[in-house]
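Report on the structure given below.
Here, each number is a calculation from the coordinates, and none is a lab measurement. Note that the structure is a prediction, hence the values are computed from the model and not measured. Counting neighbours? That spans all protein chains shown, and the Cβs are built from the backbone with ideal geometry, glycine included.
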C-alpha cells in the first residue's frame, strides 16, 4: 500500500550509499520470499522484518500475507505513523488479507525508540486483529516489535 524506501526515512548513522545497498538487499529478499519457500521459523520472518523496518525513524505497520503453506504471497507496508505510534485499522488489514487470498498473516511494526518491549497498545491491537481475522478464517500467526537490535515476538510470549 505505502511505498516507503530507506531514503524516505534515513537512518542518520548509515550513509546514503549504504542505504541504497540495504534497500537493494531487502528488495532481493522480498522477491525471494514472495511465492518461495514457506517461512520455516519465526527467526526467518523476524530477520526480514528487522532489515525492512529497523532503519525507519517513524513507526510503521507491516504485513506478511501467507498462503495455506505459509509461503509469502505479499509483503506490504500498511500504515505509517509518528515517532511513537501508528494507528492500525483491522478492517484495512482484513481487506488486504482477502485481496491476496491469504490464509494467515504475520504483522509487525517498528519502535523508533529502540525499546523492544511490546506496549499495552501493541497487545490490544494484536487481540483486535486476531479477533477480526478469525471471523474470516484467517490466522494471525505472530506480531513482531522490531528494533535495530532485534525483534520481539508476541506469539513467543503467548500473546497471540
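How would 67, 57, 137 line up from fewest to most surrounding beta-carbon atoms within 10 angstrom?
Numbers: 67 16, 57 12, 137 7.
The most exposed by this proxy come first: 137, 57, 67.
So if R0 is 25 Å, what FRET efficiency would residue 135 and residue 43 give, r being the distance between their Cβ atoms, rounded to the nearest 0.05? Mind showing how you got there, number by number?
Numbers: r = 30 Å, r/R0 = 1.19.
The formula returns an efficiency of 0.25 here.
What FRET efficiency do you get for residue 159 and residue 57 if R0 is 30 Å and r is their Cβ-Cβ distance, rounded to the nearest 0.05? Walk me through the intermediate numbers first.
Details: r = 26 Å, r/R0 = 0.88.
Efficiency computed from Cβ-Cβ geometry: 0.70.
With a/c under 1.5 counting as rounded, go ahead and sort the range 52-124 into rounded, prolate or oblate using the C-alpha gyration tensor (a ≥ b ≥ c being the square roots of the eigenvalues; past the cut-off, prolate if a/b is larger than b/c, else oblate).
On the way: a/c = 2.07, a/b = 1.85, b/c = 1.12.
In terms of gyration-tensor shape, prolate.
If you count, for each residue, the other Cβ atoms within 10 Å and average over each peptide, how do 125-133, 104-112 line up from highest to lowest?
Values: 125-133: 18.3, 104-112: 23.9.
Going from most to least packed, we get 104-112, 125-133.
With the Cα gyration tensor of the range 16-153 giving a ≥ b ≥ c as the square roots of its eigenvalues, does the rule (a/c under 1.5 for rounded; else a/b larger than b/c for prolate; else oblate) give rounded, prolate or oblate? Write down the numbers at each step before the final one.
Details: a/c = 1.74, a/b = 1.14, b/c = 1.53.
Judged from the Cα gyration tensor, the range 16-153 comes out oblate (a/c at least 1.5, b/c at or above a/b).
Can you sort 83, 138 so the residue with the fewest Cβ neighbours within 10 Å comes first? Don't skip to the answer; put the middle values down first.
Values: 83 10, 138 22.
Placing the least packed residue first, the sequence is 83, 138.
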